[in-house]
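The values are calculated or read from the model by the stated rules, or taken from the named source; none is laboratory data. In this text, all values refer to a predicted model and were calculated from it rather than measured experimentally. In this analysis, Cβ positions are derived from the backbone assuming ideal geometry, glycine residues included, and neighbour counts consider all displayed protein chains.
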Amino acid sequence: MAPLGDSRIPEEPEMIRVAIVDDHPIARRGIEQVLAEAPALRVVASAESPAALAAELSGAEPGGYPDVMVLDLYHDGEEPCLEAVSQLSAGTRVLVMSASGRPADVLGAIRCGAAGYVTKQTSPEMIVSAVETVAAGGFYLSSQLADILQAELTRQQAPPARQARGGDLSPREEETLSLIARGFTHSQVATRMKVSKATVDTYVERIRAKLQVGNKAELTRAALEYLSDESVS
Amino acid sequence: MKLIRRSAAATAASTGSGNAYDGHEASDGQGTVGSPADPDEQTTAARVENVLARAAVFFRVAGLAQIALAAAFDAGRYPRPLPTFGLITAVAAESVLWSAVTLRARRNQPAATVLDTVFMVAAIPVGAWLTAPRDFHTWVHFMYPFSLIACIALGVTFTRLRTVAGLTILIVASYTTSAVLQHHDPLWNSAPNALSYIANTTVAWAVARHLRSSGRAADASRAAAVHHADELARERERARHARMLHDRVLQTLETLAHGDWFPDADLRAHLATEAAWLRALVEGQPLDQPADLLTALQVVVQGKTRIGLRVDFNSTQLREAAQLRSTLPAAIVTALAEATGEALTNVAKHSGVDTATVRATLTEHEIVISVLDHGCGFDARTVRPRIGLSHSITDRLAEVDGVARIDSAPGSGTYVELAVRLERA
């Protein structure tokens, strides 16, 4: 599939460029539809796999490269595409999407650099909001993701050896996670915790940082390998 | 009651569907033996009471016949004929009154029988005084044979032996006193006579007791038989439904749950849960066994989805706590599921939004189910109906020593927290 609407880029430089990777054609069409209805978003590419997306984008000019990739966590099988998350996260921001992910896989995707996770049942407004947050460099901590992270991190905190991986959250971060998992917005979390919204945003960023700590170097290396492979092929 | 039944029979007869005479006869027959249509005669116990009431009245009639007989033979010997016949009239009138009360109630009435006994206790010395002769045989004292037979009513009316004995002793005392003091009967005559009262009432009591217990036993066994037949019919119907559900629905559900027709793992899990539930149903396992909290909440959430509410159910912690779920008491599971359902119903009805987030949070000490919406919210201090609604949630939780906290303000949604402390093993 060819990159979409390249000719409009110069006219609307503020638009957020989004690419979609999902092996399920109907699901892909659905996401395209949702994102197309948001005035600030533009779907620039849509493909069934990361490789197909790379092929699609290889001909695109630098300005056409997507700001955000909405990536389906599972492609043709039971295994999550964590490697693709790692590789793509190095060059752009990745929002992981799945119908329902195993908690460990979702945690894995975040550790690999994904900037957010939404389920396919997430409402259209929330998906748009997630893409916008991720495009702005933020971390989209949906209530589902908070729920999964809290369960995974509490479980992993039990053996002390695992703490080196950055799983140990401070009580305030843990509380933030718990409140977001219950569905509260950042502002509501701030009110409940008697702090400012900016502080809550900071907690969320710290949670992300603790999850992704030590990953940057790996990410960069993987991205370089990935890009060189693509340019060879 | 009788009137209605007769008019019904008459109506049946007038429709020309059957013989008018037969219709009337049938209705009368029902009236005498007792039919299921008559609520008083539905049980054997009630029929026993009716038989005992009729027996008591029958003995009373026999007693009155004894008076008539005695009066016929001895009337000429009465020293005061006019007051004597006055007493006979009074006894007959009292007997008619007592019989009417008893027959009308279709059972012996303790109060009527007590009054009757008091009357008899008073009438015996009056009769003795009126008939007191110097040299005639004891049958001149007509109140003796009458009261001897009439006292059988005592035995069949009261179920407690001490009541029967107490009232009998009153009659015995009344008779013995009047026989000895007024008729100057020798003790060898009055003592056996007195004992006859005791024999009559005691034997009547024993027979009535036996009849009553047989009646109760018959009722119990009939009820058991009806219950058994009912169970059997239900079981057959259940088995028929089970076969149909198994062949037509369960197999389809299980195929869908275990195949790859649905990419959505949650939907597959839900299908598997429903299939497991249905299998338990068709295999006859009790469904009200302690359900799993996760399943129970999923059922609640799915139910709300059907009425148009979109619920994010964040259950990872609960999902992973299999050990805890297996030991959670059924009462807590039911209370939490019902209260969650109630809270979601409130969201659907009052919040003005169609989305909510349900989350199960587990800590070391408690399990918390939270229900949050970003709807219109309310002021709990001023909105009365909502207070009622929240009471049903708080009360449900209180039953399992849980706590429900409801936090809402106009414009800022509603947050309901259902918390139950976990028993530390």
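What tally of residues in the range A:166-213 results from selecting those that are within 14 Å of chain B (Cβ to nearest Cβ), in a helix (DSSP H, G or I), surrounded by 20 or more Cβ atoms within 10 Å (Cβ to Cβ) and in contact (Cβ under 8 Å) with a residue 12 or more places away in the chain? Result for the range A:166-213: 7. With respect to residue B:412, is the statement that it is surrounded by 13 or more Cβ atoms within 10 Å (Cβ to Cβ), part of a loop (DSSP other than H, G, I, E, B) and modelled with pLDDT under 90 true? Yes, satisfied.
In this structure, is residue A:57 in contact (Cβ under 8 Å) with a residue 12 or more places away in the chain, in contact with a Phe, Trp or Tyr (Cβ under 9 Å, 6 or more places away or on another chain), of a type outside the set (Lys, Arg) and farther than 21 Å from residue A:205 by Cβ? Yes, satisfied. For beta carbons closer than 8 Å, sequence separation of 6+ or different chains, a first residue in the range B:90-105 that is free of Cβ contacts under 8 Å to residues at least 12 places away in the same chain and a second that is small (Gly, Ala, Ser), the qualifying pairs are B:101/B:112. Just to be sure I understand the filter: pairs with C-beta atoms under 7 Å, separated by 6 or more residues or on different chains, first member in the range A:128-153 and within 14 Å of another protein chain (Cβ to nearest Cβ), second member in a loop (DSSP other than H, G, I, E, B) and among the polar types (S, T, N, Q). Which pairs pass? What qualifies is A:130/A:142; A:142/A:122. On the stretch given as the range B:301-343, residues that are under 22 Å from residue B:377 (Cβ atoms) and over 38 Å from the mean Cα position of the chain (by Cα) total 10.
Residue under question is residue B:270, and the condition is that it be modelled with pLDDT of 75 or more and under 17 Å from residue B:360 (Cβ atoms); does it hold? Considered against the rule, which asks whether it is modelled with pLDDT of 75 or more and under 17 Å from residue B:360 (Cβ atoms), residue B:270 comes out as yes. So, residue A:94, is that one out of contact with any Lys or Arg (no Cβ under 9 Å at 6 or more places or on another chain) and in a strand (DSSP E or B) or not? Spelling it out, residue A:94 is indeed out of contact with any Lys or Arg (no Cβ under 9 Å at 6 or more places or on another chain) and in a strand (DSSP E or B). Does residue B:194 qualify as being hydrophobic (A, V, I, L, M, F, W, C), part of a helix (DSSP H, G or I), modelled with pLDDT under 95 and within 27 Å of residue B:83 (Cα to Cα)? Yes. Of all the numbered requirements in (1) under 19 Å from residue A:93 (Cβ atoms); (2) of a type in the set (Ser, Thr, Tyr); (3) modelled with pLDDT under 90, residue A:154 misses one, and that requirement is (1).
Does the range B:204-225 include one or more residues that are of a type in the set (Asp, Glu) and either out of contact with any helix residue (DSSP H, G or I) (no Cβ under 9 Å at 6 or more places or on another chain) or assigned to a helix (DSSP H, G or I) (or both)? The answer is yes, given that some residue of the range B:204-225 is of a type in the set (Asp, Glu) and either out of contact with any helix residue (DSSP H, G or I) (no Cβ under 9 Å at 6 or more places or on another chain) or assigned to a helix (DSSP H, G or I) (or both). Total residues in the range B:299-314 satisfying the condition of being surrounded by 23 or more Cβ atoms within 10 Å (Cβ to Cβ) and among the polar types (S, T, N, Q): the figure is 1. Would you confirm, using the coordinates I've provided, whether residue B:153 is part of a helix (DSSP H, G or I) and free of Cβ contacts under 8 Å to residues at least 40 places away in the same chain? Judged against the criteria, residue B:153 is not a match.
Listed by position, the helices (runs of 4 or more DSSP H) contained in the range B:308-368 that have at least 2 residues being over 18 Å from residue B:404 (Cβ atoms) and either within 14 Å of another protein chain (Cβ to nearest Cβ) or of a type in the set (D, E, K, R) (or both) are B:316-320, B:322-327. Residue count for the range B:97-109, restricted to those that are surrounded by 13 or more Cβ atoms within 10 Å (Cβ to Cβ) and in a helix (DSSP H, G or I): 7.
Checking the range A:108-120 against the condition returns no match, with no residue being at pLDDT below 85 and hydrophobic (A, V, I, L, M, F, W, C).
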